[in-house]
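Enquirer: Structure provided below as structure tokens; questions to follow.
The values are calculated or read from the model by the stated rules, or taken from the named source; none is laboratory data. No experiment lies behind these values; they were computed from the predicted model shown. Counting neighbours? That spans all protein chains shown, and the Cβs are built from the backbone with ideal geometry, glycine included. Ligands, DNA and RNA are excluded from the accessible area calculation, which covers all protein heavy atoms including side chains. Shrake-Rupley method; radii C 1.70, N 1.55, O 1.52, S 1.80 Å.
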Amino acid sequence: MNWLWEHFDPVGWSIWKVDYKYNEELTVIFMSSNLVGGFFNRLERARKYAFGSLVVTGENNNNAISGYFIIRGQEIPEEVYDAADFESYNFVKVDSSKTEVRDEIAQYFAWTVPGFQDGKIYK
């Protein structure tokens, strides 16, 4: 993470907190993980524009999907928002200069989020 923050260009890139909108509908952990995998498959066109880590936390019948994406530019490109599952997620731009945001991003990228069950990296 030290390397990331030493080399991160906040003008050329932006960081987005991502949360699944329908966590109350999630059931089994492996199915939630499969949902993330399917989303990542449909983001194929965005490989040059985005990097992200989404994790599943909680337990069966009480879990959530959330994470962070680093995206080229200050807006979400068509290659990301054109993905079929995009509307199922909230993307909120965060201020990466804040220590608490950087600490949370580190947890998501290292998969040390409290309640962690599974994670996937989009690259």
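Enquirer: Could you grab me the full set of residues in the stretch 83-98 that are more than 22 Å from L4 (Cβ to Cβ), open to solvent by less than 40 Å² (accessible area, probe 1.4 Å) and not in a helix (DSSP H, G or I)? If you could, list the steps in order and put the result at the bottom.
Expert: So in the stretch 83-98, the residues more than 22 Å from L4 (Cβ to Cβ) come out as 83-90.
Then keep just the ones that are open to solvent by less than 40 Å² (accessible area, probe 1.4 Å); that gives 83, 85-86, 88-89.
Matches in the stretch 83-98: A83, D85, Y89.
Enquirer: Right, next: Just to be sure, is G73 out of contact with any Lys or Arg (no Cβ under 7 Å at 6 or more places or on another chain), of a type in the set (G, A, S), within 18 Å of L4 (Cα to Cα) and touching a residue at least 12 places away in the same chain (Cβ under 8 Å)?
Expert: On the way: out of contact with any Lys or Arg (no Cβ under 7 Å at 6 or more places or on another chain): yes; of a type in the set (G, A, S): yes; within 18 Å of L4 (Cα to Cα): yes; touching a residue at least 12 places away in the same chain (Cβ under 8 Å): yes.
Against the criterion (out of contact with any Lys or Arg (no Cβ under 7 Å at 6 or more places or on another chain), of a type in the set (G, A, S), within 18 Å of L4 (Cα to Cα) and touching a residue at least 12 places away in the same chain (Cβ under 8 Å)), G73 qualifies.
Enquirer: Being within 12 Å of N63 (Cβ to Cβ) and not aromatic (F, W, Y) is the filter here; which residues of the stretch 3-37 pass it?
Expert: Correct list: N23, E24, E25, L26, T27, V28, I29, M31, S32, S33, L35, V36.
Enquirer: Within the group V55, V101, V80, V36, which residue is open to solvent by less than 80 Å² (accessible area, probe 1.4 Å), closer than 19 Å to I121 by Cα and touching a Ser or Thr at 6+ places or on another chain (Cβ under 7 Å)? Step through it out loud before you land on a result.
Expert: On the way: V101 fails: touching a Ser or Thr at 6+ places or on another chain (Cβ under 7 Å); V80 fails: touching a Ser or Thr at 6+ places or on another chain (Cβ under 7 Å); V36 fails: touching a Ser or Thr at 6+ places or on another chain (Cβ under 7 Å).
Step by step, each of V55, V101, V80, V36 is checked, and only V55 is open to solvent by less than 80 Å² (accessible area, probe 1.4 Å), closer than 19 Å to I121 by Cα and touching a Ser or Thr at 6+ places or on another chain (Cβ under 7 Å).
Enquirer: Looking at the stretch 1-18, which of the residues that are loosely packed, with under 10 Cβ neighbours inside 10 Å and among the hydrophobic types (A, V, I, L, M, F, W, C) is nearest to W111 (Cα to Cα)? Can you show your working first?
Expert: Step one: of the stretch 1-18, the residues loosely packed, with under 10 Cβ neighbours inside 10 Å are 2-3, 6-7, 9, 11-12.
The next check asks that each one be among the hydrophobic types (A, V, I, L, M, F, W, C); those that pass are 3, 11.
Details: W3: 18, V11: 27 Å.
Among those residues, the one meeting the criterion is W3.
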